[in-house]
Amino acid sequence: MKNFVFLFRETPLSHLRSVRENIYCMKRFYSSISATKSGRAKVTIHTIEKLYKNKEAITMLTAYDYPSGLFVEKAGIDICLIGDSLGMVALGYQNTSRNTMEEMLHHCRAVARGAKSPFLIGDMPFGSYETSPTDALKNAIRFIKEGDMEGVKLEGGLEMLETIRKITRVGIPVIGHVGLTPQRQASLGGYRVQGKTVENAKKLIEDAKTLEEAGCFAIVLEAISEPVADYVTKTLNIPTIGIGAGAGTSGQVLVQQDMLGCFDRFVPKFCKQYANLDKVIIDAIKTYHKEVKTGIFPSTEHSYPMSKGEYEKFLQFINEIEKNSDK
């Protein structure tokens, strides 16, 4: 502590800002973080870099609340994305553009209470970063301070260059997102596969290279033709996380409700359903409904009895009340 105080006494004021930023980065992203309560080592940005260099596939999965955060934690997923898809699969909106900053931060905090080991990424909602790099930085900082996140994700290519630079310059890791960008699906003509023409592929490649140059530590490639996604992955020196982009990317991401069979509207072609929890859950609730109606539930095993002596006293108490009421 004495050395820390001495540092500030002897350091010129012009250098204090850089010292403070370095301390912030060490506090949040220091690579030698001890294991969490689950026994897993905390995944950091250095962990992601190591997986990429070792050519080990990176796993990313979305989560939107404490239980789904726990699922990601216990399953050993590398990166937990609190995705803007929560607007559709958790809040019932028709698209992802309806999400607000307050909704995203609320769900980020809930997930962070359950997902202690994965690297936590908050998805910046539509309108929170497009207006100006300054607005984007303010909202990115909110994800760190108020949402308990460790980085942010945002959509867009070349037009996001200065925005991403501004955010990463203060030590906030950013994941880019190109291809099918759901927040901009209206301008793309709907949820359409990207990179199906040479001209479109050129634009995707340029955008991906720009995002790397801007400082992104990884890029999500969504609904992109496999040959284009493969080329982008080989061209970049940062990981690509695919969703509907084939097997050649550095890692994969899915929406948890999609892969568990919990979303009622549609299943994207690129999603493999590993369970059908919709049927399991509905069947369970139907059984509960029936058992309550027929008196099967609750049974004795689900009730709390009184001791024999206390029960007899209780009966005497009731008898006295009934006698007094008859007078």
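Compute, for region 200-281, the length of the dipole vector about the Cα centre, with Cβ point charges of +1 (Lys, Arg) and -1 (Asp, Glu) only. Units Debye, rounded to 20.
180
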TODO: Show me 76-83, 161-168, 253-260, 297-304 ranked by packing, highest mean number of other Cβ atoms within 10 Å first.
DONE: 76-83, 253-260, 161-168, 297-304
TODO: Would you be so kind as to identify which of Q316, N200, P268 lies farthest towards the positive end of the dipole of region 196-322, taking Lys and Arg as +1 and Asp and Glu as -1 on Cβ and the Cα centre as origin?
DONE: N200
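Once you wrap a convex hull around the alpha carbon atoms of region 44-147, what is its projected area averaged over all directions, in nm²?
Reported value for the Cα convex hull: 7.0 nm².
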TODO: Determine the gain in length on full extension of the stretch D135-K290; use 0.36 nm per residue of separation and subtract their C-alpha separation, reporting nm with one decimal.
DONE: 50.5 nm
- [ ] For each of K279, K209, count neighbouring Cβ atoms within 10 Å of the residue's Cβ, then give the residues from fewest to most.
- [x] K279, K209
TODO: Mind checking which lysines have their Cα closer than 24 Å to the Cα of K74? Skip sequence neighbours fewer than 8 apart in that chain.
DONE: K37, K42, K50, K55, K116, K153, K272, K279
TODO: Apply 1/(1 + (r/R0)^6) to the Cβ-Cβ distance of R165 and T235, taking R0 = 25 Å, and write down the FRET efficiency to the nearest 0.05.
DONE: 0.80
- [ ] Taking all pairs of distinct Cα atoms, average 1/r, flip it, and tell me the Kirkwood hydrodynamic radius of region 182-295 in Å to one decimal place.
- [x] 16.4
Task: Estimated D of the chain in µm² per second, where Rh is the Kirkwood radius over Cα pairs and Stokes-Einstein applies at 20 °C, 1.002 mPa s - done: 95
Task: Computed [θ] at 222 nm, helices only, for the chain once each DSSP H run of length n ≥ 4 contributes -39500 (n - 2.57) - done: -14500 deg cm²/dmol
Task: Nearby lysines by direct alpha-carbon distance to K202 (threshold 17 angstrom, same-chain neighbours under 8 apart not counted) - done: K234
TODO: Give me the distance in nm between label points sitting 7 Å out from Cα along the Cα-to-Cβ direction at N276 and E312, one decimal.
DONE: 5.7
Open item on the list: For the pair R109/E199, report the inter-label distance in nm, with labels modelled 7 Å from Cα in the Cβ direction.
Closed with: 4.8
Open item on the list: Can you compute the modelled spin-label distance between A41 and S97, with each label point 7 Å from Cα toward Cβ, in nm?
Closed with: 4.4
Task: Set of aspartates and glutamates with alpha-carbon distance to K286 below 17 Å, sequence-local pairs under 8 removed - done: D278
TODO: Please get the size of the charge dipole for the chain, origin at its Cα centre, with Cβ charges of +1 on Lys and Arg and -1 on Asp and Glu, quoted in debye to the nearest 20.
DONE: 740
Open item on the list: Projecting each Cα onto the charge dipole of the chain (Lys/Arg +1, Asp/Glu -1 at the beta carbon, about the Cα centre), which of V280, S97, T131 comes out farthest on the positive side?
Closed with: T131
Open item on the list: I'd like the antiparallel share, as a percent to the nearest 5, of DSSP beta bridges with both residues in region 129-249.
Closed with: 10
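Read-outs: derived from the displayed coordinates by stated rules, not from any lab. Remember, predicted model here, so these are calculated numbers, not experimental data. Here Cβ is always computed from backbone atoms with ideal geometry, including for glycine, and neighbour counts include all displayed protein chains.
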